[in-house]
Structures are given as C-alpha cells and as structure tokens.
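The values are calculated or read from the model by the stated rules, or taken from the named source; none is laboratory data. Bear in mind that the values here come from a model prediction, so they are computed numbers and not experimental data. All Cβ positions, glycine included, derive from the backbone under ideal geometry; neighbour counts span all protein chains shown. Only protein heavy atoms, including side chains, enter the accessible area calculation; ligands, DNA and RNA are left aside. Shrake-Rupley method; radii C 1.70, N 1.55, O 1.52, S 1.80 Å.
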Amino acid sequence: MSLAEYTEAKYPLHKAAREGRAGILKLLLSTGKYDINFGCFDLIRPLHEACLAGHTECVRTLLEHGAEVNARNIDGGTPLCDACCNGNLEIIRMLLEQGALVNPPHTLNSPLHEAALRNKWGCVQVLVEYGVKINASDCHHGTPLHVAAVRGYLEFAAVLLSFGANVNAPHIHSTPLHLAARQLDVPMIILLLEHGANVFCQDNHGKTPEECIAPVGLNVAIAKKLLHNWACNPKPLQHFCRLVIRDSLRGKGLRLVEKLHVPRCVKDFLQFLPLQKNFFL
C-alpha cells in the first residue's frame, strides 16, 4: 500500500500503527503534518493501536518520536493496558522502561486485569518486576485472581498465587473459591484450596462455596464432595506450616523461598512443586 493511500485515510497515523507499517509511520511523521498524540473520537492514540495489535517496531517508532506513554483512551485505558491485552512482552517491557505506569489510576481495568481477562499469564512476572499491585480490585471483576477463577484460567491463577495473590480476597463478599465453585471447575477448586482458600467464607447472600454449587451440571458431585471433605476433615500440620511461611513472605516476594537455607525438597514443597514420594511420611 502506497503512502498516498495512508495520507488519504481519516487517521493516517492510526491506520499505519494498526496495520504494522513502521516504514509508512516514519514517513508520515517526517512530514511534520500529524500530531502523534492525536486521539480519535474515542481518544485512542496511534500508540494504543500499535500496542493492541502487537506491532513492536511501530511502538518503538512512536515512542522515539514522542508518543505519550501514559495517554488515556475514553475508558481511561493506557497503551500498557492494550499491550497486556495482546501479551507482547517486548512491547510491555519497552513501555515500562519508558515510564508507563504499571498501576495507572482511574482505569476501568488495570494492565494486570487486561492480561487476566485474556489469559496472558506470561505478562505477570514482568508486571510484578515493576511493582504491580497484584491484589488490586476493580469495580467489575474484583482482583485478577477473581478473573482467572471465573474464566477457568488455571495457569494464570497458579502464576498469580506464586507471586502472592490473596486467595481469600473478597469482591462483593465472593472469594475466588465461590466463583470456581459456581463454575464447577474442579482443578481450580483444588488449586485454591491448596493455597489456603477458606471453605467457610460466606458471600453477600450468606452462602459458602459449597452452597454456591449449581444443583445440576458436570462435576456437581465431585465439586460438592471435594468442598465438603475439605470442610469436615482436619488438614495435616504441614499444610498449615506451608501457608504460614508463604504468608510471612508475601509482602517481601515469594521468590525469596529460593534464598531460604532449607533443603531443596522443602523449597519445592513451599512452592507447590512436585516432591519425591513419601518425603513427609
């Protein structure tokens, strides 16, 4: 597509950024005719377009020419939010290195929530490195762990928990376990229980997770039995020891487990990694 076809477009920079045409983008910017931070009707800037589409070179070009890294669209979303929708780690790092706010205020969904909504769990570690609030709650979804639980994103939930997400965080009194129970998601229920989910916690209707299970559907019997047994049977001391140690490290980062002066098998246990059979027997 020729340069002329872009100059005739309503929003030339937006079009080039959206389509990944870094060369065309440079030519357009070199003319000096276009405002790189111009927002169209919904306040989307060219940088938003490039980040959402995952076009690394376009993002680099725009930033080099002065694109506003924390520009807001009509919903308050920043380019970092869009980059987390796409999951391009190179773009995410690029934005953060250029001063993108990892916890932008007044957004409908934070960058971490955007990643959670699309199961882009590879984004979590990068965002954690830059100080993301892993337990931040929004008005619609709750915490990112709530999002993972209701959507059945087991890998995302596991990664969040490995970085210290609060397994019992409430959203309208519902915990992630309530949501997993409603979805009859047995693997998610097991993951949350192992990480200390409270089976006795009540939602805004006074229901425990077990009472939130639908009367019909696949896995009803399994989910009910699992939650009932967990509530009725005492857990071994090692389970509570693990939770206490992990909780004491949460504020400092669970990655400090690797620095503990304990045997490898104990570190693996604290991180929910596979253990040699019968180690604790």
Plugging the Cβ-Cβ distance of Leu243 and Glu57 into 1/(1 + (r/R0)^6) at R0 = 41 Å yields, to the nearest 0.05, a FRET efficiency of 0.35
With a 10 Å radius around each residue's Cβ, average the other Cβ atoms per peptide and rank 216-222, 129-135, highest first. 129-135, 216-222
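On full extension of the chain, what length is gained from Ile74 through Asn219, given 0.36 nm per residue of separation minus the C-alpha to C-alpha distance? Intermediate results must be reported in sequence, preceding the final value.
Numbers: separation 145, 0.36 × 145 = 52.20 nm, distance 4.17 nm.
Gain on stretching Ile74 to Asn219: 48.0 nm.
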Considering only protein heavy atoms and a 1.4 Å probe, what is the carbon-and-sulfur percentage of the accessible area of region 73-216? 52
Mean shadow area of the chain over all directions, Cα convex hull, nm²: 18.3
How large is the dipole of the chain about the Cα centre if only Lys and Arg carry +1 and Asp and Glu carry -1, each at its Cβ, rounded to the nearest 20 debye? 840
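Report the chymotrypsin sites (Phe, Trp or Tyr not before Pro) located in region 15-57 that are in a DSSP loop and have at most 10 other Cβ atoms inside 10 Å of their Cβ, or state none. Each step should come with its number before you reach the end.
Numbers: sites: Tyr34, Phe38, Phe41; in loops: Tyr34, Phe38, Phe41.
Filter output for region 15-57: Phe41.
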Expressed in nanometres to one decimal, the distance between label points 7 Å along Cα→Cβ at Leu89 and Asn233 is 3.8
In straight Cα distance, which lysines are under 22 Å from Lys10, not counting same-chain residues fewer than 8 positions off? Lys26, Lys33
Viscosity 0.692 mPa s, temperature 37 °C: Stokes-Einstein D of region 138-271 from its Kirkwood Cα radius, in µm² per second? 213
Within the chain, which DSSP H helices have Cα atoms that stretch 15 Å or more along the helix axis and a mean Kyte-Doolittle hydropathy of at least -1.0? 220-232, 237-249
For a label point 7 angstrom out from the Cα of His106 toward its Cβ, which stretches of region 74-93 have the backbone nitrogen within less than 14 Å? 74-78
Summing -39500 (n - 2.57) over every DSSP H run of at least 4 residues in the chain and dividing by its residue count gives a helix-only mean residue ellipticity at 222 nm, to the nearest 500 deg cm²/dmol, of -13500 deg cm²/dmol
Within a Cβ distance under 15 Å of Ala53, other residues only, what is the Lys/Arg minus Asp/Glu net charge? +1
Considering only Thr175, Leu270, Ala17, whose Cα is most displaced toward the positive end of the charge dipole of the chain, charges sitting on Cβ of Lys, Arg (+1) and Asp, Glu (-1)? Leu270
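From the alpha carbon gyration tensor of region 1-92, can you work out the equivalent ellipsoid semi-axes (sqrt of 5 times each eigenvalue) and give them in Å, largest to smallest?
Numbers: eigenvalues 78, 40, 25 Å².
So the equivalent ellipsoid measures 20, 14, 11 Å along its semi-axes.
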Using a Förster distance of 30 angstrom, determine the FRET efficiency expected from the C-beta separation of Cys201 and Phe163, and round it to 0.05. 0.85
Under 20 Å from the Cα of Lys207 - lysines, other chains or at least 8 residues apart: Lys224, Lys225
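Over the chain, with the other protein chains present, what is the accessible area per residue in square angstrom, probe 1.4 angstrom? Don't skip to the answer; put the middle values down first.
Working: 14170 Å² over 281 residues.
On a per-residue basis, 50 Å².
Give me the tail of P(r) for region 89-152 as a percent: Cα-Cα pairs with distance above 18 Å.
Numbers: 588 of 2016 pairs.
Here the long-distance tail beyond 18 Å is 29 percent of all Cα pairs in region 89-152.
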Once you place label points 7 Å from the Cα toward the Cβ at Cys139 and Cys265, how far apart are they in nm? 5.3
Extension gain (nm, one decimal) between Leu273 and Ile172, 0.36 nm per residue minus Cα-Cα: 33.1 nm
Could you rank the peptides 165-175, 73-83 by their average count of other C-beta atoms within 10 Å per residue, with the highest value first? 73-83, 165-175
Among Val216, Pro105, His239, pick out the residue whose Cα is farthest towards the positive end of the charge dipole of the chain, where Lys and Arg carry +1 and Asp and Glu carry -1 on C-beta, about the Cα centre. His239
